[in-house]
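**Student:** Can you keep this structure in mind? I'll have questions shortly.
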Amino acid sequence: MRILLLMIAFLAPDASDPWTWNLPKGFPKPRVPADNPMTVAKVELGRYLFYDTRMSVNGKSSCATCHKQELAFTDGRAVSVGATGESHPRGAMSLVNVAYSGALTWSNPRLKDLEEQALTPMFGEHPLELGLREGDGFVPMLRADAKYRILFEQAFPADTDRFTIQNVTKAIACFERSIISARSPYDRYHYDRDDTAVSDSAKRGEILFFSQHLSCFRCHGGFNFSDATVSENSARREIEFHNTGLTYAAPNVGIYEFTKSAADIGKFKVPTLRNIAITAPYMHDGSIANLEGVLDHYSSGGHDHPNKNPLIGGFKLSTQDRADLITFLESLTDEAVLHDPRFSNPWQPAVSAR
Amino acid sequence: MLLRIVMLAGIACAQTQLAAILNVTGDVSSPLHLKAEDMAKMPRETVSVKEEDGTSVQYEGVMLREILTRAGAPLGKSLRGKALTTYVLAKAHDDYAVLFALAEVDAAFGNESILVADKRDGKPLFGYQGPFRLVCPNDKAGARSVRMLETIEIVRLRK
């Protein structure tokens with residue numbers, strides 16, 4: 001009996017277990033809030049919460065409803081739909097490498113911590129996403145659930161009352177930060193120097209992508225293919241948002257929604273291009289169906305707008321160029337992150353509705 | 001100092017493996033056609049670059065000053081009078097080009113440690129970066145850190 005107990009104690013994750021990032025070369029350590037250090041136990045609790053449909057007003061939705069692993073944690077829709085069927089004005093962003101995001105959501109320059117962001121889908125009413133309300137049955141459910149009693153104890157052993165919304169958001173944030181994509185064919189080519197990892201077409205596409213002529217890299221540069229990228233060692237800075245010549249009907253007015261400065265109308269965050277080939281449709285409002293359409297948009301230069309980034313001026317592409325660029329973008333798909341059991345639904349079907 | 005490496009590269013090139021020769025031409029007494037093995041025999045230097053996203057990379061290569069000296073550009077005691085009208089045009093595979101005054105790299109003037117790099121984190125530059133590139137560690141913007149560098153042309157405006 002004593003041996004069995006020792007074994008259980010040995011196998012169970014503990015809050016004191018240090019988190020190992022296992023980052024490949026070229027990837028810096030993500031920035032983590034001082035009051036929510038990564039632990040194995042919090043990541044695991046966060047995974048259970050992320051996939052739990054009891055975290056919605058009617059038991060129909062979880063975080064994973066709009067952030068599906070097989071779609072690089074997007075939902076394949078132009079705009080997302082909440083638990084009660086209400087449409088969100090914007091599309092679900094990928095959570096892959098969200099730990100490196102200098103601002104969260106498409107257009108909120110003030111929202112920088114995942115712990116804070118999680119409150120919006122949980123409790124937001126306009127639009128209603130998960131539809132939780134203060135004083136509803138969610139926290140009592142956590143307290144009563146045998147699995148959660150173990151997971152919360154392991155994740156927050158020092159807390160007298162572990163079952164708090166704050167701890168829920170801390171755990172979900174830890175899980176989200178753990179979702180790192182760094183093993184795409186492009187990474188094997190670029191960082192591991194494996195010339196066979198991508199095709200010649202992808203290599204030509206890479207050169208086009210990083211050319212002055214197209215200047216894709218000016219916004220989608222760096223290891224995460226987004227200029228909104230920060231990490232543990234980057235200087236504190238305000239990230240830039242860009243108007244790319246799309247259409248900006250209310251409520252999709254960009255960071256103007258928060259700054260109320262006319263110069264900010266239509267300025268949205270630059271999303272990562274990692275796994276971009278499987279996260280259609282594109283743009284903040286899902287208005288472009290496929291990558292060919294995105295190339296059409298940027299090669300045409302988009303609509304005129306006083307705030308449009310001067311880099312969006314249009315360019316000419318041959319048929320070969322287009323194919324090469326798309327092959328390059330496809331090489332950024334990391335199949336491992338789409339199927340990694342560490343990021344998958346931990347619930348048995350009997351426990352969770354989906 | 002933060003330096004965002006932004007810049008240039010060749011476009012629409014039919015092949016991804018370029019001829020690995022760096023031409024140093026123009027108004028110099030000894031034009032050079034440098035291969036990786038020639039660069040390997042010259043004095044090697046490394047420059048660390050930190051990017052805005054927090055990553056750091058180490059570029060290795062030969063100082064532009066060293067290469068220009070070997071080509072016979074008027075540096076040191078020769079950099080006086082009309083020689084001070086000399087500039088250096090760095091051209092990339094896609095014809096992108098940027099300019100430096102020769103005095104920028106001279107020890108008695110700008111003394112800028114501009115590097116002609118052929119390695120990044122110990123590995124030869126390839127793809128959209130290589131085989132040669134410039135690294136200008138004191139430029140705040142990256143636009144003069146030309147990638148896919150093919151030609152360094154020295155032009156003397158007044159002779």
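FYI, it's all coordinate maths here, none of it is from the lab. Small disclaimer: the values here were computed from a predicted structure and weren't measured. Using ideal geometry, Cβ is built from the backbone for each residue, glycine included, and neighbour counts are taken over all protein chains shown.
**Student:** Which of A:191, A:100, A:51 comes first, and how do the rest follow, when ranked by fewest Cβ neighbours within 10 Å?
**Tutor:** Values: A:191 19, A:100 26, A:51 23.
Fewest-to-most ranking of A:191, A:100, A:51: A:191, A:51, A:100.
**Student:** Please arrange A:338, B:149 by counting, for each residue, the other beta carbons lying within 10 Å of its beta carbon, fewest first.
**Tutor:** On the way: A:338 19, B:149 27.
Result, fewest neighbours first: A:338, B:149.
**Student:** In terms of modelled amide H atoms, which long-range or inter-chain residues lie less than 5 Å from the amide H of residue A:303?
**Tutor:** Sorted by chain and number, the residues that satisfy this are A:246.
**Student:** By how many nm would the segment from residue A:105 to residue A:17 lengthen if fully extended, with 0.36 nm per residue of separation less the alpha-carbon distance?
**Tutor:** Additional length available on full extension: 28.6 nm.
**Student:** Next up: Place +1 on the Cβ of every Lys and Arg and -1 on the Cβ of every Asp and Glu in the range A:185-263, take the dipole about the Cα centre, and give the residue among A:246, A:207, A:235 whose Cα lies farthest towards its positive end.
**Tutor:** Selected residue: A:246.
**Student:** Tell me whether the range A:83-196 comes out rounded, prolate or oblate; compute the Cα gyration tensor, take square roots of the eigenvalues as a ≥ b ≥ c, and use a/c under 1.5 as the rounded threshold.
**Tutor:** Oblate, because a/c is 1.5 or more while a/b does not exceed b/c.
**Student:** Another question, if that's okay. Tabulate in residue order the Karplus-calculated ³J(HN,Hα) for the range B:82-94, using 6.51 cos²θ - 1.76 cosθ + 1.60 with θ = phi - 60°, rounded to whole Hz; enter x for Gly and Pro.
**Tutor:** Those phi angles translate into 5, 4, 6, 9, 8, 10, 10, 9, 9, 10, 9, 4, 9 Hz.
**Student:** Taking θ = phi - 60°, what integer Hz values does the Karplus form 6.51 cos²θ - 1.76 cosθ + 1.60 yield along the range A:295-301, in sequence order, with x for Gly and Pro?
**Tutor:** My calculation for the range A:295-301 gives 5, 4, 4, 6, 6, 7, x Hz in order.
**Student:** Residues of B:128-140, mean number of Cβ from any other protein chain within 10 Å of their own Cβ, rounded to a whole number?
**Tutor:** Values: counts 11, 4, 0, 0, 0, 0, 0, 0, 0, 0, 0, 0, 0.
Per residue, the number of nearby Cβ atoms from other chains is 1 on average.
**Student:** Further, regarding this structure: If you place +1 on the Cβ of every Lys and Arg and -1 on the Cβ of every Asp and Glu, how big does the dipole about the Cα centre of the range A:177-305 come out, in debye to the nearest 20?
**Tutor:** 300 debye
**Student:** Fewest to most neighbouring Cβ within 10 Å: what's the order for A:21, A:106? Present the calculation step by step, with values, prior to reporting the outcome.
**Tutor:** Working: A:21 16, A:106 20.
Lowest count first: A:21, A:106.
**Student:** Using a/c under 1.5 as the rounded threshold, could you call the range A:209-283 rounded, prolate or oblate? The axes a ≥ b ≥ c are square roots of the C-alpha gyration tensor eigenvalues, and prolate needs a/b larger than b/c, oblate otherwise.
**Tutor:** Oblate, because a/c is 1.5 or more while a/b does not exceed b/c.
**Student:** For labels at residue A:195 and residue A:60 in the simple 7 Å Cα→Cβ model, what's the distance in nm?
**Tutor:** Going from the residue A:195 label point to the residue A:60 one covers 5.6 nm.
**Student:** Another question, then. Hey, what angle do you get for helix A:165-178 against the long axis of chain A, alpha-carbon based, 0 to 90 degrees rounded to 10?
**Tutor:** Once rounded, the angle reads 50 degrees.
**Student:** Quickly work out the residue B:155-to-residue A:250 label distance, labels modelled 7 Å from Cα along the C-beta direction, and quote it in nm with one decimal.
**Tutor:** 5.4 nm
**Student:** Continuing with the same structure: Given a Förster distance of 22 Å, report the FRET efficiency between residue B:70 and residue B:46 from their Cβ-Cβ distance, rounded to the nearest 0.05.
**Tutor:** On the way: r = 19 Å, r/R0 = 0.89.
Computed FRET efficiency for residue B:70 and residue B:46 comes out at 0.65.
**Student:** Can you compute the FRET efficiency between residue B:82 and residue A:86 using 1/(1 + (r/R0)^6), with r the Cβ-Cβ distance and R0 = 51 Å? Round to the nearest 0.05. If you can, show how the numbers build up before the last one.
**Tutor:** Details: r = 74 Å, r/R0 = 1.46.
Approximately 0.10, to the nearest 0.05.
**Student:** Can you tell me what share of the DSSP beta bridges in the protein assembly as shown is antiparallel? A percent to the nearest 5 is fine.
**Tutor:** 85 percent
**Student:** Stretch residue A:119-residue A:149 to full length: gain in nm at 0.36 nm per residue minus the Cα-Cα span?
**Tutor:** Working it through step by step, the gained length comes to 8.6 nm.
**Student:** Using a ≥ b ≥ c from the Cα gyration tensor of the protein assembly as shown (square roots of the eigenvalues), is it rounded, prolate or oblate, where a/c under 1.5 gives rounded and otherwise the larger of a/b and b/c decides, a/b for prolate?
**Tutor:** Note, shape of the protein assembly as shown comes out prolate.
**Student:** Ok, one more. Quick check for me: using +1 on Lys/Arg Cβ and -1 on Asp/Glu Cβ, what's the dipole size of the range B:22-156 about its Cα centre, in debye to the nearest 20? Walk me through the intermediate numbers first.
**Tutor:** Working: 18 positive and 19 negative charges, 80 e Å.
Result for the range B:22-156 is approximately 380 debye, rounded to the nearest 20.
**Student:** Assigning unit charges at the beta carbon (Lys, Arg +1; Asp, Glu -1) and nothing else, what dipole magnitude in debye, to the nearest 20, does chain A show about its Cα centre?
**Tutor:** 280 debye
**Student:** Could I ask something else about it? Length gain on complete extension for the stretch residue A:263 to residue A:161, per 0.36 nm per residue less the alpha carbon to alpha carbon distance?
**Tutor:** On the way: separation 102, 0.36 × 102 = 36.72 nm, distance 4.62 nm.
Roughly 32.1 nm would be gained on extension.
**Student:** Let me ask something else. Within the range A:93-187, list the trypsin sites (Lys or Arg not before Pro) lying in a DSSP loop whose Cβ has at most 13 other Cβ atoms in a 10 Å radius.
**Tutor:** The qualifying sites are A:110, A:133.
**Student:** Taking H as built 1.01 Å from N, whose amide H comes closer than 5 Å to the amide H of residue B:118, not counting residues under 5 places away?
**Tutor:** Correct list: B:60, B:61, B:62.
**Student:** Something else: Got a sec to turn the phi values of the range A:266-280 into Karplus ³J(HN,Hα) couplings, 6.51 cos²θ - 1.76 cosθ + 1.60 with θ = phi - 60°, whole Hz, x for Gly and Pro?
**Tutor:** x, 8, 10, 6, 7, x, 5, 9, 5, 6, 4, 5, 10, 10, 5
**Student:** In nanometres, what is the gap between the two model label sites at residue A:335 and residue B:29, each 7 Å from Cα along Cα-to-Cβ?
**Tutor:** Those two pseudo-labels are separated by 6.1 nm.
**Student:** Considering every residue in A:193-204, what mean count of other chain Cβ atoms within 10 Å of its Cβ is obtained?
**Tutor:** Mean shielding count: 3.
**Student:** Can you compute the helix-only [θ] at 222 nm over chain A? Use -39500 (n - 2.57) per DSSP H run of at least 4 residues, normalise by all residues, nearest 500 deg cm²/dmol.
**Tutor:** The per-residue figure over chain A is -8500 deg cm²/dmol.
**Student:** Cross-link list A:29/A:260; A:170/B:123; A:29/B:91; A:68/A:112; A:25/B:41; A:25/B:35: which exceed 31 angstrom alpha carbon to alpha carbon? Kindly include the intermediate steps, with their values, before the conclusion.
**Tutor:** Details: A:29/A:260 34 Å; A:170/B:123 40 Å; A:29/B:91 36 Å; A:68/A:112 22 Å; A:25/B:41 28 Å; A:25/B:35 28 Å.
Violating the 31 Å limit, Cα to Cα: A:29/A:260; A:170/B:123; A:29/B:91.
**Student:** Order these peptides, B:113-119, A:228-234, by their mean beta-carbon neighbour count within 10 angstrom, highest first. Don't jump to the answer; show the numbers that get you there.
**Tutor:** Numbers: B:113-119: 23.4, A:228-234: 19.9.
Descending mean neighbour count gives B:113-119, A:228-234.
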